[in-house]
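All of the numbers you see were taken from the coordinates with simple rules; none came from a lab. In this text, all values refer to a predicted model and were calculated from it rather than measured experimentally. Methodologically, a virtual Cβ is constructed for each residue, glycine included, from the backbone with ideal geometry; neighbour enumeration extends over all protein chains shown.
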Amino acid sequence: MLNHITIMGRLTRDPELRRTGSGIAVASFTVAVERDFAQDGKKETDFIDCVAWRQTGEFVSKYFAKGRMIVVSGRLQIRSWTDKDGNKRKTAEVVADNCYFGDSKSSSDNAGLTGTGDPYSGGAYTDTMAEIERQRNNNSYAGYGGYSAPQYQQGEFAMIEDDDAQLPF
């Protein structure tokens, strides 16, 4: 049987990290995911509950905050429980195996979003990326593995004649 789900959206609140009685970390969070289609010209949004255990839960609680784009890969789980009034209830949630950044720190900053503890803010990583961007703008990558981007002039490419051959697929 196959039970795999991948979602991408924005966190609706900061992840909540708790620990079980035996000290295992578990993070709970909700992801707002826009639907691909619109009804009456307005896209609808689904709010999907997620749970991440152990190192994945610690990672999410440390590096993600409300409004941050996240990609969650895991399995769908239906959980039954009884509420305080004795009614039987069911809930669906994604049990995260892996969580990834869905945006860069700079794009979330530009959107007015803030997060704490992001490993990509400041320091050597930012300096290296700035240097790579400068090299890219100069079309010269000689400082990075000896590669130099080729320069083409308009008209250097030859047109290939179409022989009306049928493709095998």
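Say the cut-off is 32 Å between C-alpha atoms; which of 42/84; 43/66; 43/105; 42/62; 84/105 go over it? Let's see the in-between values first.
Details: 42/84 37 Å; 43/66 21 Å; 43/105 26 Å; 42/62 34 Å; 84/105 41 Å.
Violating the 32 Å Cα-Cα cut-off are 42/84; 42/62; 84/105.
Sort 63, 100 so that the residue with the fewest other Cβ atoms within 10 Å of its own Cβ comes first and the one with the most comes last. Don't skip to the answer; put the middle values down first.
Working: 63 19, 100 12.
With the sparsest Cβ surroundings first, the list reads 100, 63.
Please arrange 64, 59, 37, 47 by counting, for each residue, the other beta carbons lying within 10 Å of its beta carbon, fewest first.
Numbers: 64 25, 59 18, 37 7, 47 10.
Taking fewest neighbouring Cβ atoms as first place, the list is 37, 47, 59, 64.
Within a 10 angstrom radius of the beta carbon, how do 58, 16 rank from fewest other beta carbons to most?
16, 58
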